């Protein structure tokens, strides 16, 4: 009798703790409220796979430009490239600065936009979400009420169809341009890319993020990355301009300048 | 490009006024906007701010503020007929010699359904006030380069072709040619999507995918040393009108059109849902450094069918490379002609 009571009490306490941990913000219609400014931490943007710290490519930047190590965010640790694609990835890595589209301030695509070292903001309406990213002012409109529709045209940030699975926001992203990459180490995809993202609140200030990446021309099977996203709690936090087009004009057009 | 074209087309036609689909009459019954889940007037959706009403009132209308519906219909037909004539001809016009901008692009006829003789409603003469003495006014355009000085703050055309900084902001994919802020009608792509939550509004213009995020929570302005290409906006509800005040513009854009810089610009925009498919967009430019008086324009926006699409300008900006490399080739050719060896 006594033992049973203890077990029940422990159960109540545990349940209480769990409920407190998963208290999340909700909209008036009871859905999770994802409004706010979020950002990934860590070094997935450098390399999704496990990687050691390394010197950066710009000598003058010294320690400030060095690349931090990372435990990796790929389930199973390794991206399952086809043999041919693995060669391409190695070449991308060897010619990183020449080939990485983000060096040129191109729109980052999905999922790379999510884990760049820049904040992004979710603006959540019942039928439409806007995800707006500081990097290059990239935007995605997520349609919550058109299941089964298809992209009418390819775009850098894709065609985004959202739905709720319990408290998880699921977004299927198709119609992305083949030119985007997945990180700064040459991980890439082809025109057949499909991304399924899952955003699950794990408290008021944490979103657990997962993305399943499918592209049969490049990968032998679908594979998954996961990481937490954190709410930016800075006072009066807001996104600021990062209109990087202006910062890459010398890089892209300097060779066409009139000789002085 | 199209701002200039629009001005050109309307100037060529002498007048330009929308057809009267939703004529402005004394309202019999006050329209009450539907509410969002947080109780705000619902401005959500994709809106088209295109219009064939001239921005400033053509001289012939003097102090007349409104046309009759019959006059509006006649003028609208003239615009369409003239446009069709251009289409049926060999396509070239002085400002668009290749005829590249044919009917396919035109998306402004009568969108706003407006009987006004100008979009400017204040000053009452429908004309922009004079700029302050000594203020630089440079409009750029599709014609020859202006040979002006850097920084180039206008959007279309350029001053020279020596480097990217000699070109207008829209050729560099930095700012859309008509997307403001404030946004003003041009030939096409007059598309904006408004998002709303309890604490924020977002004004997303299709041109250059610029999302202007407007906190509605009464927070303080950002530090005056911070400047933003589209300014820094704060919003509030005044009755059923969303009022957005924007400051902290850079000195890299003009105050309005070709005049001055945005540094001291104080922009006030008012968004009011006035019908199931219409939002009135009113903006006031208050910039005593650039203009001798504030002025206000009213642009009716109609609900757009379809989505706002991604306008990825920079990613495909072959134009800027070609303009600059073409100019270098011209220089080499000219040098070769003179018997010099190219540098």
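Each reported figure results from applying straightforward, stated rules to the coordinates on display, with no laboratory input. Values in this document were obtained by computation on a predicted structure and should not be read as measured data. Ideal geometry is used to build each Cβ from the backbone, glycine not excepted, and the neighbour counts take in all protein chains shown.
Is the range A:143-209 best put as rounded, prolate or oblate by its Cα gyration tensor, with a ≥ b ≥ c the root eigenvalues, rounded for a/c under 1.5, and otherwise prolate when a/b is larger than b/c, oblate when not? It comes out oblate by the Cα gyration axes. For the range A:125-260, the Kirkwood estimate of the hydrodynamic radius, built from every pair of different alpha carbons, is 17.3 Å. For the range B:134-250, the equivalent ellipsoid derived from the Cα gyration tensor has semi-axes of 31, 16, 11 Å, listed largest first.
How do B:207, A:61 line up, fewest other C-beta atoms within 10 Å first?
Details: B:207 23, A:61 11.
The fewest-first ordering by Cβ neighbours comes to A:61, B:207.
Cβ-to-Cβ counts within 10 Å put B:32, A:170, B:137, A:218 in ascending order as B:32, B:137, A:170, A:218, the fewest first. Which value in Å does the Kirkwood hydrodynamic radius of the range A:35-149 take, with 1/r averaged over all unlike C-alpha pairs and then inverted? Taking the inverse mean of 1/r over all distinct Cα pairs, the range A:35-149 comes out at 16.4 Å.
Spherically averaged projected area of the convex hull of Cα atoms, the range B:293-343: 9.0 nm².
Working from Cα positions, state the angle (0 to 90°, nearest 10) between the long axis of helix B:2-13 and the longest principal axis of chain B. Between helix and principal axis, roughly 80 degrees. The alpha carbon centroids of the range B:44-77 and the range A:51-80 are separated by 59 Å.
Which shape class applies to the protein assembly as shown: rounded if a/c is under 1.5, otherwise prolate when a/b exceeds b/c and oblate if not, where a ≥ b ≥ c are the square roots of the Cα gyration tensor eigenvalues?
Oblate shape, in that a/c is at least 1.5 and b/c is the bigger or equal ratio.
Each 5 Å bin from 0 upward holds the following percent of the Cα-Cα pairs of the range B:205-324: 2, 10, 14, 19, 20, 17, 11, 6, 2, 1, 0. Would you give the gap between the C-alpha center of the range A:108-173 and the C-alpha center of the range A:181-260, rounded to a whole Å? Between the Cα centre of the range A:108-173 and that of the range A:181-260, the gap is 12 Å.
Using alpha carbons only, the radius of gyration of chain B set against its Kirkwood radius gives Rg/Rh = 0.99. Extent along the principal axes, Cα only, for chain A: 89, 43, 39 Å, with the longest axis given first. Between residue B:85 and residue B:238, the C-beta separation translates, for a Förster distance of 56 Å, into a calculated FRET efficiency of about 0.75. The helix-based estimate of mean residue ellipticity at 222 nm for the protein assembly as shown, built from -39,500 (n - 2.57) per DSSP H run of four or more residues and divided by its residue count, is -5000 deg cm²/dmol to the nearest 500. Spin-label model, residue A:242 to residue A:66: label points 7 Å out along the Cα-to-beta-carbon direction sit 2.3 nm apart. Arranged from fewest to most other beta-carbon atoms within 10 Å of their beta carbon, B:311, A:253, B:31, A:159 become B:31, B:311, A:253, A:159. Extension gain for residue A:168 to residue A:205 (0.36 nm times residue separation, less C-alpha to C-alpha distance): 11.8 nm.
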